[in-house]
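Input: a single structure, listed below in structure tokens.
The values are calculated or read from the model by the stated rules, or taken from the named source; none is laboratory data. None of these values were measured; they are calculated from a predicted model. Here Cβ is always computed from backbone atoms with ideal geometry, including for glycine, and neighbour counts include all displayed protein chains. Only protein heavy atoms, including side chains, enter the accessible area calculation; ligands, DNA and RNA are left aside. Shrake-Rupley method; radii C 1.70, N 1.55, O 1.52, S 1.80 Å.
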Amino acid sequence: MKKGLIIAIDGPAASGKSTSAQLLAKKIGYIYIDTGAMYRACALKAKKLGIDINDEESIRNLLDYIDIRIENNNSKNRILLDGEDVSEDIRADDISALASAISAIPAVRYKMVELQRKMGENGGVIIDGRDIGTFVFPDADVKFFLTANPEIRAKRRWLELQRKGIDKDFSEVLADLIKRDNNDSQRVLAPLKKADDALEIDTSNMTIQEQTDTLYRIIFPRLEEECKCS
Ligand code: CDP
Ligand code: CDP
């Protein structure tokens, strides 16, 4: 039985997807599914095993025995890889580029998409990524596509690195982000793309609160409708 809506949030890196998805999920009592974290976990596993990202056969073998789980505990989102909490490790800077490369391998996408569909099939979820509204859940009840200009997104990522005590040139952060946007948009299977029926929101000049309130105002009437129907 369906337990609520499927709310899809797509967009490029640092457009604000996960921040709003987490806040909204807490507010409306939904489960938050961070699909980027799943690709990051795959990349981390390949790195730990010393597998080259271009070695597709070894990557395909790795998928046969990978165990990825997402837990929402006390509004904290944890990602478990083979039973180990890797929530922090998957955020390392090198894992971002590795995740983008590994996510272009069709076998990886099929496996992750299968897991994501299972996690979200009953609804009551907010799920963010690159291909949720176009490929994972093309019939999602509400679809957002967040954007922000590349300099602002890179500034957000640069600030995150500074807060972690990592000193990286802003120009390098910007170049990495643009490269990843290009990889994600140009891959053949399920690229980063706005779904025709997604609502595009430019968060460049929005605070987190403004952005989250904007999304909530759109979701709220749909939640009311859903309550009346069920
Ligand atoms: O999930 P995604 O990569 O799209 O972005 P995020 O992790 O939600 O946001 C990236 C960073 O930008 C975080 O540190 C947010 O706090 C910050 N942010 C912001 O300062 N203003 C916004 N309107 C959205 C996000
Ligand atoms: O937080 P940020 O937006 O920087 O990245 P992420 O959402 O954690 O995703 C990391 C990488 O995983 C992206 O650059 C994509 O290559 C890939 N990804 C994907 O291909 N499809 C998704 N649904 C989510 C992420």
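Per-structure values
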item: Most mobile of K168, K143, K47 in a GNM of the chain (Cα contacts under 10 Å); result: K168
item: Antiparallel content of DSSP bridges confined to the chain, in %, to 5; result: 30
item: Nearest-0.05 FRET efficiency for F170 and K48, computed from C-beta distance (R0 35 Å); result: 0.70
item: Per-peptide average of other Cβ atoms within 10 Å, ordering 174-181, 6-13 highest first; result: 6-13, 174-181
item: Within-10-Å neighbourhood charge of K193 [Cβ basis; K, R +1; D, E -1]; result: -2
item: Calculated P(r) tail over 30 Å for the chain, as whole % of Cα pairs; result: 21
item: Euclidean distance of C-alpha centroids, region 186-201 and region 26-103, integer Å; result: 22
item: Residue-normalised accessible area of region 135-199, given per residue in Å² at a 1.4 Å probe; result: 58
item: Residue with peak Gaussian network fluctuation, the chain [Cα springs, cutoff 10 Å], from G36, G50, G120; result: G50
item: Relative contact order, percent, the chain [alpha-carbon distance under 8 Å, six or more residues apart]; result: 33
item: Accessible surface of region 6-215, 1.4 Å probe, proportion on carbon and sulfur as whole %; result: 48
item: Packing rank of 221-227, 58-64, where each peptide gets the mean count of other beta carbons within 10 Å, highest leading; result: 58-64, 221-227
item: Y65 accessible area, assembled protein chains, probe 1.4 Å, Å²; result: 130
item: Links that overshoot a 22 Å alpha carbon limit, given the list K45/K155; K76/K228; K17/K76; K3/K143; K47/K179; result: K45/K155; K76/K228
